[in-house]
Amino acid sequence: MKNKYALLLVAACLHPTIAQVVVEETIVPPPAGEVVRETVIEKTPDGDIVTETITPVNPPPVLDRAFARRQLLVAPRDAIVPVNPPGTVEKTYVEIPGQPRRTYNVERNVVIVEGKEMPYVMIPVLFEKETAKLLDMESRVTLEETAAAILEVLKTQPMAVFDIEGHTSTDGTNEFNLALSADRARRTHQELTQRYNVPASALSAHGYGEMFPSFPEGTEDQMVMDRRVLVVRKK
């Protein structure tokens, strides 16, 4: 995640006895996984008035290898018939012609296909806009950690097989998004196999474009979450 800090100077009339107020807004960078504490200091002739708001921070940019290993150690199994409590997040989508229905349970990190649930992890790898070029060094570190997690699984389960899924938001045409998601899945596959020595026999890659959005009519921030790459345990 790139931290950017801006100094905001605002002049306003708030009270007859206070001619002007200058507001300095600073954001203190938190450790990964914590919250951002945003401190706004209002400087007035009567002294400083400090107010604070707490906003959620984005997920840490580097994959949690231990979590990925635990998730991918679980082989596909018969799907659990859910009794969905209020608030359960489960997305079922119209079948793709020629393919079975896919259901993504984003709380349990499993995709259900033909009665089997396959565990997955979403890897926080970023690409340059509308390309399959890696955006930053954090994305390369993420791929290195992903490869390490897969290799650790293969040590104890050498017959395991994983699929790299590329997904996009609904921004853009269907054709462009399908091609882009496939390119990003292939690029991830190439990085894992050619640079980090994951056996090619243990990986496949597919692009699904905008077929499975969580936020089909979402804001830009929400659509960012749909531009994702998953590692799915297939076997």
Report task. Would you mind ranking Tyr120, Tyr208 so that the residue whose beta carbon has the fewest other beta carbons within 10 Å leads the list? Result -> Tyr208, Tyr120
Query raised in the report: Can you list the residues of the range 137-167 with backbone N under 12 Å from a point 7 Å past the Cα of Lys235, pointing along Cα to Cβ?
Result: 158-163
Query raised in the report: Going by the alpha-carbon gyration tensor, a ≥ b ≥ c the square roots of its eigenvalues, is the range 65-233 rounded (a/c under 1.5) or, if a/c is not under 1.5, prolate (a/b greater than b/c) versus oblate?
Result: oblate
Report summary line: Listed by chain and number, the residues whose amide H is under 5 Å from that of Phe162, excluding neighbours fewer than 5 places away on the same chain and using placed H, are Leu203, Ser204, Lys234
Report summary line: Site Thr173, offset 7 angstrom along Cα→Cβ, radius 20 Å on amide nitrogen, limited to the range 203-225, gives 207-212
Query raised in the report: Using the count of nearby Cβ atoms within 10 Å as a rough guide to exposure, how do Val121, Val224 rank from fewest to most?
Result: Val224, Val121
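Throughout, read-outs are computed from the coordinates displayed, never taken from laboratory work. Predicted model, so just to flag it, every value in this text is computed and none were measured. Neighbour counts run over all protein chains shown; Cβ positions are idealised from the backbone, glycine included.
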